[in-house]
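Okay, so here's the structure we're looking at.
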Amino acid sequence: MTEDPMAEAAADGQSLFDALHEGEDAVVRLLRAGAAAESSDENGASPLYLAAVSDRPGVVRLLLAAGADPDRACGPESGDLPICGAACGGHTEVVEALLSAGARPDLREQFGFTALRWAVGLGHARTARTLLDHGADPCLPGPGGEAPLLLAVRRGSLETVRALLDHGAGAPEGVLEEALAEARRMLEVDLEQEIRGGLLDAYGDTDVHRISVHRAVIDGGETLTVELERNGEPFAGQDHQTGHGAIATLLETELGLLAPFEELARRALRSGSPDLDNWHASAEALRERGDEETRQAAAAWCSSGDPLRQAFGADVLTRLGQDPSGA
């Protein structure tokens, strides 16, 4: 009788790692042939961890059903958690699968990071909300002792800030005030120059590397990406979300504070587009205020010689139900 090659491959458990990249059918065949779901590769990584960081939710579910421990730390120093690896990449469906299988959302991996700390720090709003919906502590500090809300504000992710506030992150005394101060500080930071400087400090000057800058609109917010290129190929980079104006406006609303028209308008124009959250948040805050002072200020902007100022003034008046052409 001819020996089953899949059974032979499963004998040492290592071939399961190759199957992760071949798809769910290959994983099923190996698991049925006896491959151990809890095996480790030469670096100490588990199949579940590798599937989690590779954003393979179907494979993750198969491994969990085969007995893989969702909370098993692995890696060279046994310090890497599957849920943290998934959260770091913003792999929300994988995070949901792990949580459904009993993964503890607040479990800390090496250096004290939690899944929520990774998601918040990298601006993965959907992942952060999923973790919070499954019981992650919205106020649990990360390894540096900073509150998740403060980290989300610094990152510039409006939706992550909203998710945290929806789950009580603003309840501890003083945290909203601290978060607002950070949002206002970030409004004065030249993010592109700050990222450029950090990359060049780490990798050298522009005599060796070319710098490229990209801006992308994702879910109403703009993400800035700065990359270093060598021989036309990027080899290092960093991105940052830029929703600090909208975040400051949201936090002021939470605290019952009224920013002046000029400040709200400055935040809107800083984004440069009516399609972005920073513009929308300012215009909506002024619509909700809706007093005569706001109407007069918006009308004055409609008479400005600057097209962008005119557009913002007209937007505010339209939201207030007033025809801007009559301003």
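Coordinate-derived values only; no laboratory data. Fair warning: this is a prediction, and the values are worked out from it, not measured in the lab. All Cβ positions, even for glycine, are placed from backbone atoms using ideal geometry, and neighbour counts span all protein chains on display.
Quick look at the values:
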item	result
Principal semi-axes in Å for segment 170-241 [√(5λ), Cα gyration tensor, largest first]	31, 15, 9
Extension gain (nm, one decimal) between Asp190 and Asp137, 0.36 nm per residue minus Cα-Cα	15.9 nm
Fraction in percent of alpha-carbon pairs per bin - 20 Å, the chain	27, 46, 22, 4, 0
Contour excess over end-to-end distance, with Cα ends at Ser100 and Leu308 and 0.36 nm allotted per residue	70.1 nm
Calculated from backbone phi, Karplus (6.51, -1.76, 1.60) coupling profile of segment 54-64 in Hz, x at Gly/Pro	8, 6, 10, x, x, 5, 4, 5, 4, 5, 5
Calculated FRET value between Leu258 and Asp323, using beta carbons and R₀ = 22 Å, to 0.05	0.30
Ellipticity estimate at 222 nm from DSSP helix runs (n ≥ 4, -39,500 (n - 2.57)) divided over the chain, nearest 500	-15000 deg cm²/dmol
Integer Hz, Karplus 6.51/-1.76/1.60 couplings in order for segment 165-176, x for Gly and Pro	5, 4, 10, x, 5, x, 6, x, 4, x, 6, 5
Segment Glu42-Asp275, extension gain: residue separation times 0.36 nm, minus the distance between their alpha carbons	79.0 nm
For Gly237, residues with placed amide H under 5 Å, excluding near neighbours	Leu228
Segment 57-86 and segment 111-132: distance between their alpha carbon centers, rounded to Å	17 Å
Overall form of segment 192-286 per C-alpha gyration tensor (a/c, 1.5; a/b vs b/c)	prolate
